[in-house]
Amino acid sequence: MSQSTSLLYRIGARSGEWRNYWELCKPNVVMVMLITVVIGMLLARTQLPSLWLVLVANLGIGFCAASAAVVNHVVDRHIDLKMVRTSQRPVATGKVEPARALAFAGLLGLVGMSVLLTWVNAVTAWLTLASLLGYALIYTLFLKRATPQNIVIGGIAGAAPPLLGWTAVTGSIDGPALLLVLIIFAWTPPHFWALAVHRKDDYANAGIPMLPVTHGIGYTKIHILLYTLILLSVSLLPFVTGMLGWLYLLAAVSLGAGFIGYSLLMLKAPGKEHAMATFKYSIIYLLALFVAMLMDHYLIAKPELYTGAL
């Protein structure tokens, strides 16, 4: 092998190695999470937060979230091999050694916490750490394998991002921010159970006690419908409390009705039919609901915002 060929091979190998570490961070999941962080920041005040605060808060929270994602890869490496969706993950396939992955997770978490403590505030930093530990350890290491209610109990960690965005701006935990958490908390079970119905065989092969595996698809469909009804009720609270106005109410009712419609289609259909469509709609639902919040907050409820500047 020539020197130039050898050099190209080493560069390619290093590039592939870094792609493996990038995959460990679950960048797509982290990006969706950071969108809700930004929404929490935008809803916290009538004036836009500074661009610097948006950047450093999302950088710190993003690094911590990536750290938790890496730990998830390490803890789940054995069951990942048994699932089609996760069988090619870097730690599961041996592309990245568990010890190196954990060291990488530690570095990400340290950098993230340092950024939050230095340039944001302590409230956000410690809430982010609690969320990280809740997902990486309590949910991944224990709840995921212990109970079919894993998504319900562990959902609080996944519901925290809007609160983190809110506290990054205000430095305090306020009632409206907790309503944002409550909405995502109620949204999480029907969202993930729809996916779990679609991937029931995968979870069964991996020995994970998801609700469709332990109680059957029919039982899960009933619970998806019940939780969409709960979600509709919870989503009305920002209007009831005066946090948001009529534009948001219209969106919450129409989007919630759509979610209930999909859950009814699932309930009436045989087997796994409409499960993936319901899962995809749940993502559209949450993003559209938050867009409606921002529109109501800025265009309807708080027109004086536009006197402010970045």
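The values are calculated or read from the model by the stated rules, or taken from the named source; none is laboratory data. Note that the structure is a prediction, hence the values are computed from the model and not measured. Glycine also receives a Cβ, built like all others from the backbone with ideal geometry; neighbour counts cover every protein chain displayed.
Tabulated data
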read-out: Any pair with Cβ under 9 angstrom, 6 or more apart, that starts in segment 69-88 at a residue that is among the hydroxyl-bearing types (S, T, Y) and ends at one that is part of a loop (DSSP other than H, G, I, E, B); value: T86/D76; S87/L81
read-out: Neighbours by Cβ (under 6 Å, 6+ apart or cross-chain): first from segment 20-40, without any contact (Cβ under 8 Å) to a residue 40 or more places away in the chain; second in a helix (DSSP H, G or I) and not aromatic (F, W, Y); value: V30/G62; V30/A65; V30/A66
read-out: Flag for G245 being more than 27 Å from D80 (Cα to Cα), modelled with pLDDT under 95, of a type outside the set (F, W, Y) and touching a Phe, Trp or Tyr at 6+ places or on another chain (Cβ under 8 Å); value: yes
read-out: Any hit, segment 114-136, residues being touching an Asp or Glu at 6+ places or on another chain (Cβ under 7 Å), modelled with pLDDT under 95 and outside the structural domain of H191 (by TED's automatic domain parsing); value: no
read-out: Matching residues, segment 86-104, being crowded, with 20+ Cβ neighbours inside 10 Å and not in a helix (DSSP H, G or I); value: R89, V96
read-out: Filter pass, A168 being without any contact (Cβ under 8 Å) to a residue 40 or more places away in the chain, buried (at least 24 other Cβ atoms within 10 Å of the Cβ) and in the same structural domain as I79 (by TED's automatic domain parsing); value: no
read-out: Restricting segment 206-232 to residues that are among the polar types (S, T, N, Q) and without any contact (Cβ under 8 Å) to a residue 40 or more places away in the chain, the residue that is surrounded by the fewest Cβ atoms within 10 Å (Cβ to Cβ); value: T220
read-out: Contacts under 8 angstrom Cβ, first residue in segment 97-108 being closer than 14 Å to N20 by Cα, partner surrounded by 13 or more Cβ atoms within 10 Å (Cβ to Cβ) and not aliphatic (A, V, I, L, M), 6 or more apart; value: P98/R77; A101/H73; A101/P90; F104/Y21; A105/S67
read-out: Tabulated pairs, segment 269-283, first assigned by TED's automatic domain parsing to the domain that holds H223, second among the small types (G, A, S), C-beta under 7 angstrom, 6+ apart or interchain; value: A275/A194; T278/A194; T278/S263; F279/A194; Y281/G258; S282/A194
read-out: Flag for L127 being surrounded by 15 or more Cβ atoms within 10 Å (Cβ to Cβ) and more than 30 Å from M295 (Cβ to Cβ); value: no
read-out: Single condition V240 does not satisfy, out of (1) free of Cβ contacts under 8 Å to residues at least 40 places away in the same chain; (2) within 26 Å of Q149 (Cβ to Cβ); (3) among the β-branched types (V, I, T); value: (2)
read-out: Members of segment 14-56 that are closer than 14 Å to S131 by Cβ and hydrophobic (A, V, I, L, M, F, W, C); value: V29, V30, M33, L34, V37
read-out: Matching helices (runs of 4 or more DSSP H) fully within segment 181-295 where at least 1 residues are over 21 Å from the mean Cα position of the chain (by Cα) and over 27 Å from T167 (Cβ atoms); value: 200-206, 211-215, 217-235, 246-268
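Results for (1) within 16 Å of L43 (Cβ to Cβ); (2) in contact with a helix residue (DSSP H, G or I) (Cβ under 8 Å, 6 or more places away or on another chain), shown as yes or no for each residue.
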{"residue": "D201", "(1), (2)": "no, no"}
{"residue": "A204", "(1), (2)": "no, yes"}
{"residue": "V213", "(1), (2)": "no, yes"}
{"residue": "F239", "(1), (2)": "yes, yes"}
{"residue": "L264", "(1), (2)": "no, yes"}
{"residue": "T278", "(1), (2)": "no, yes"}
{"residue": "H297", "(1), (2)": "yes, yes"}
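To keep it simple, each residue is scored yes or no on (1) buried (at least 20 other Cβ atoms within 10 Å of the Cβ); (2) in a helix (DSSP H, G or I); (3) in contact with a Phe, Trp or Tyr (Cβ under 7 Å, 6 or more places away or on another chain).
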{"residue": "T46", "(1), (2), (3)": "no, no, no"}
{"residue": "N58", "(1), (2), (3)": "yes, yes, no"}
{"residue": "G62", "(1), (2), (3)": "yes, yes, no"}
{"residue": "I79", "(1), (2), (3)": "no, yes, no"}
{"residue": "M83", "(1), (2), (3)": "no, no, no"}
{"residue": "G106", "(1), (2), (3)": "no, yes, no"}
{"residue": "L117", "(1), (2), (3)": "no, yes, no"}
